[in-house]
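The values are calculated or read from the model by the stated rules, or taken from the named source; none is laboratory data. Just so it is clear, the model here is predicted, and its values are computed rather than measured. Reconstructed Cβ throughout: ideal geometry from the backbone, glycine too, with neighbour counts over all protein chains shown. Heavy atoms of the whole protein, side chains included, go into the accessibility calculation; ligands, DNA and RNA do not. Shrake-Rupley method; radii C 1.70, N 1.55, O 1.52, S 1.80 Å.
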Amino acid sequence: MYQWIDTHSHLQADVFDSDLYEVVARARAAGVIDIVICAGSRNDWDRCAEIAHDCNLSYTLGIHPLFTPEAQEEDLAALESKVQAAMEDPHFVGIGEVGIDCYVGTLDDEKQEHFFARQLRIARRFDLPLSVHIRRSSSRLLKYLNRTPVAGGVIHAFNGSQDEYDRFAKLGFHFGFGGASTYDGSLRIRHHLSASPQSAWVLETDAPDIPSSRRRDEGNLRTEPVDIVETGELAAALRGISVQEASETALRNALRAFPRLLLRHPELS
């Protein structure tokens, strides 16, 4: 069986409360050996860690830009303390989901940038990778990432220009591909997935968000980590390689993007 790592999910979301263990079991049965649960705000940090421990998965800690309206300055100090303690936890793999969102017009840009900049400093202090949220915000993200270099990570759901791709790649980031790539009209995403250097791409689902074209057609818009298999098969087809090679490459790249995954998967080193 092929092996996969979902590098970006939100299993702490309420929509998984009733059948979380079944969702994880379906993913395991399909060869998903790990799922990175990305935090959204201080309110779900403990839940992310709890699920990761209960289900033998991985998690990140951070403050998502969409949660900055209710975030407080003290949350940043709490995050730094939480990360410091989590460095002893083999399930903890990085800082995320963090970033800047210029698509939602009601957000306070200055506050978003402040929280992103501070979280970069935390990532740098502990030499941790990031899971980065990006929507119409490449130039702003790059400004801060150039000011405060970090240990890479993944640009989540990237859909930018080739120039932007090259600038993030130069900073050591990988690029996450998920359900959006399954749409025939996602030409730029498919180009990046097919043309990315072998070492630059990883797979993700963003569960329960970004449903695949199949889920949309079925009328079931809740994405699950098992959906990564569909994206992996598409990656193989677009890149002209076997599914086995796609699986092995995506797995290897996930370990490069989040090196602490090897704490629980030493057999993959």
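Listing for the model above:
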{"quantity": "Criterion (touching a helix residue (DSSP H, G or I) at 6+ places or on another chain (Cβ under 6 Å), within 28 Å of F92 (Cα to Cα) and open to solvent by less than 40 Å² (accessible area, probe 1.4 Å)) met by exactly one of A207, A254, A236", "calculated": "A207"}
{"quantity": "Search result, residues across region 134-175 that are assigned to a strand (DSSP E or B) and either over 19 Å from I63 (Cα atoms) or of a type in the set (F, W, Y) (or both)", "calculated": "F173, H174, F175"}
{"quantity": "Extreme residue, nearest to E70 (Cα to Cα), among residues of region 99-124 that are open to solvent by 60 Å² or more (accessible area, probe 1.4 Å) and part of a loop (DSSP other than H, G, I, E, B)", "calculated": "D108"}
{"quantity": "Positions within region 216-229 being open to solvent by less than 50 Å² (accessible area, probe 1.4 Å) and among the charged types (D, E, K, R), in sequence order", "calculated": "E224, D227"}
{"quantity": "Region 166-179: number of residues that are touching a residue at least 24 places away in the same chain (Cβ under 8 Å) and surrounded by fewer than 22 Cβ atoms within 10 Å (Cβ to Cβ)", "calculated": "3"}
{"quantity": "Unique residue being within 19 Å of I134 (Cβ to Cβ) and either within 19 Å of the chain's Cα centre (by Cα) or hydrophobic (A, V, I, L, M, F, W, C) (or both) when the list is E97, E50", "calculated": "E97"}
{"quantity": "Selection count where residues are of a type outside the set (G, A, S) and touching a Pro at 6+ places or on another chain (Cβ under 7 Å), scope region 1-15", "calculated": "3"}
{"quantity": "Top-ranked residue of region 257-269 - restricted to ones that are out of contact with any Pro (no Cβ under 8 Å at 6 or more places or on another chain) and open to solvent by 20 Å² or more (accessible area, probe 1.4 Å), ranked as farthest from G153 (Cα to Cα)", "calculated": "E267"}
{"quantity": "Selected residue (criterion: surrounded by the fewest Cβ atoms within 10 Å (Cβ to Cβ)) from residues of region 55-77 that are outside any helix (DSSP H, G or I), touching a residue at least 60 places away in the same chain (Cβ under 8 Å) and within 15 Å of the chain's Cα centre (by Cα)", "calculated": "H64"}
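Matching residues to (1) assigned to a strand (DSSP E or B); (2) modelled with pLDDT of 95 or more; (3) among the charged types (D, E, K, R):
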residue: T7; (1), (2), (3): yes, yes, no
residue: Y21; (1), (2), (3): no, yes, no
residue: A27; (1), (2), (3): no, yes, no
residue: V36; (1), (2), (3): yes, yes, no
residue: H53; (1), (2), (3): no, yes, no
residue: L79; (1), (2), (3): no, yes, no
residue: D89; (1), (2), (3): no, yes, yes
residue: G94; (1), (2), (3): yes, yes, no
